[in-house]
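Colleague: Questions regarding the structure given below will be posed in turn.
Rule-based calculations on the coordinates, nothing more; no lab input. What you see is a predicted model; the values in this text were computed from it and never measured. Counting neighbours? That spans all protein chains shown, and the Cβs are built from the backbone with ideal geometry, glycine included.
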Amino acid sequence: MKIFKNKYIDILLKMSVPILMNYIVMTLFEVLDKAIVGNYSTDAFAAVGVSASVVYGITGSLGAISVAYNIIAAQYIGKDDKTAFNNTFFTVMFISLLVGIAIILLSLLGGNLLFSKVFGLEGNILNLCLEYFYIDSTTVVMNMIIFNFSVYFRNLKDTKISFYSTIVATSINVVFDYLFVYGKLGFPELGAKGAAIGSVIGLLAGILVYIIKFYKSAHIKFKGSINKKITSKLFKLYIPLLGQDIMEGTIFTIILTGIVSRLGVYEIASYNLAESVGSIMALPIYAFSASAITLSIQKSFSNKEGNSKEILNTAIILSGCLVLMIGLFVYIFPNKILSLITKDKNLILRVTNIFILVILMQVFNIFHQIYKSYLQGINNQGFVLKFTSFLSIISISWIILLSIKFSLIGVYIGLCINNLIFAVVYHFKINRIESNSLNNINS
């Protein structure tokens, strides 16, 4: 096939493999991190779970600014405007620091109110939750800094540094989690509080890796300034990106979980198990998408010869191969793979019966994610927000009807339809944009 002979396959692999390894390491770390606290005490495990979910949510919402930053940075790289590229980095770092500090202050002032009144916690659980939350809230700004560093180097086509930073951060985090949670080797036994301290130390180490990389890279100079025009451009991109994330990642997910929760205990468990495996299958999608979008945006804003759509198609095929390989491996050996998560044979059988739909949903998701990210990158984020809101709202109706008729199978049929519609609409939108651009050139 021609696509496997194009000039983008090597660079996509070189950029995407470290990103994929990065995701895998982070996934393994999350399991180890939970195991350390979970084996210490049930109260600590529950408290950390509640606190961490709030911190993750805040980090995810604010972290969307790095997506906006990636779009702008890739555009400037495409235009070969190094001054604007550096100014964008300094601007987004300054904004991240200000926002991060504000989050820390709000957490210290409103943490008790949040967990006691909104979450209804009290007694020992509340105290453990606050001990963890007050310290862990500082990781929001640290993660924002790491996201920005990652985008900066990704635009320079260096994704290995992100993998190295993650390896260092997670390794140190796990070690200090163990030492502080259990009080080993002379360290104080701090329980849930110790897990938060371990996270802070680990992230600081990860940031240090990036700083060292800056100093060792002769072609990178610490020059830049805070730019009002870039600040305005960042927020104009960030707002629709945040809206899209809230609609698709929060509101739709909450409603979908509510639909599944009404189907029964085994259906809930089956959905959670299928989603756990599905999230692993999706890792190549996000890895290749991150690389392809950066490259394709650079190409779109460059005067050099090249085809952005060829980059997207290459990423689709490469990620598709990995998704199918993982999916079919699980489908062929369900007992060996799924039994690593649960020993319930009935539950494994239920997931096996719907797993073809899980695979199909992720295949459609490849097109959905890559096309969506590209449209956001070429200044069509408003269209993506509007269509995401529209489809997320109306798709709830057919998912409910299908779930009533076919139970959990119906839910996954509905999700397949959802991703397929996204893929088709975004595909035609990209073709229309390219056709209009070609007509303008010819005229």
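Colleague: Enter the per residue convex hull volume of the stretch 21-226, computed from alpha-carbon coordinates, in Å³ rounded to the nearest integer.
Modeller: Working: hull volume 23.9 nm³, N = 206.
Convex hull volume per residue, Cα atoms: 116 Å³.
Colleague: Turning to a different aspect of this structure: Where does the charge balance sit around LEU20 when Lys and Arg score +1, Asp and Glu -1, over other residues with C-beta under 15 Å from its C-beta? Mind showing how you got there, number by number?
Modeller: Numbers: positive: LYS14, ARG154, LYS160; negative: none.
With Lys, Arg at +1 and Asp, Glu at -1, the net is +3.
Colleague: Enter the Cα centre distance for the pair the stretch 15-58 and the stretch 404-434, rounded to the nearest angstrom.
Modeller: Taking the Cα centre of each part, the stretch 15-58 and the stretch 404-434 sit 30 Å apart.
Colleague: Just add up the charged neighbours of LEU126: K/R +1, D/E -1, any other residue whose Cβ is under 11 Å from the Cβ of LEU126.
Modeller: Numbers: positive: LYS117; negative: ASP43, GLU122, GLU131.
Here the count lands on -2.
Colleague: Right, next: Can you compute 3J(HN,Hα) from phi for each residue in the stretch 73-87, using the Karplus curve 6.51 cos²θ - 1.76 cosθ + 1.60 with θ = phi - 60°, rounded to whole Hz and x for Gly and Pro?
Modeller: Calculated HN-Hα couplings, in order: 4, 5, 5, 5, 5, x, 7, 6, 9, 5, 5, 5, 4, 5, 4 Hz.
Colleague: Also, I was wondering about something else. Spelling out what I want: for every residue of the stretch 164-177, take phi, set θ = phi - 60°, compute 6.51 cos²θ - 1.76 cosθ + 1.60 (Karplus), and round to whole Hz; glycine and proline get x.
Modeller: Using θ = phi - 60°, the values come out as 4, 4, 5, 4, 5, 4, 5, 5, 5, 4, 4, 4, 6, 4 Hz.
Colleague: Counting only helical runs of four or more DSSP H residues, what would the 222 nm mean residue ellipticity of the chain come to if each run contributes -39,500 (n - 2.57) and the total is spread over all its residues?
Modeller: Numbers: 16 runs with 366 residues, N = 443.
Helix-only estimate at 222 nm: -29000 deg cm²/dmol.
Colleague: Filter LYS79/LYS229; LYS7/LYS233; LYS7/LYS429 down to the pairs with a C-alpha to C-alpha distance above 27 Å, please.
Modeller: Values: LYS79/LYS229 17 Å; LYS7/LYS233 32 Å; LYS7/LYS429 25 Å.
Distance filter (> 27 Å) returns LYS7/LYS233.
Colleague: At most 15 other Cβ atoms within 10 Å and a DSSP loop assignment: could you name the trypsin sites (Lys or Arg not before Pro) in the stretch 190-286 that fit?
Modeller: Values: sites: LYS193, LYS213, LYS216, LYS221, LYS223, LYS228, LYS229, LYS233, LYS236, ARG262; in loops: LYS221, LYS223, ARG262.
In loop regions of the stretch 190-286 (DSSP not H, G, I, E or B), the sparsely surrounded trypsin sites (Lys or Arg not before Pro) are LYS221, LYS223, ARG262.
Colleague: Over the stretch 239-443, what is the mean sequence separation of C-alpha contacts under 8 Å (at least six apart), divided by residue count, expressed as relative contact order in percent?
Modeller: RCO, the stretch 239-443: 29 percent.
Colleague: Identify which of the listed values of volume of the Cα convex hull per residue in Å³ was calculated from the structure shown: (1) 163; (2) 136; (3) 123.
Modeller: Comparing each candidate, only (1) matches the computed number.
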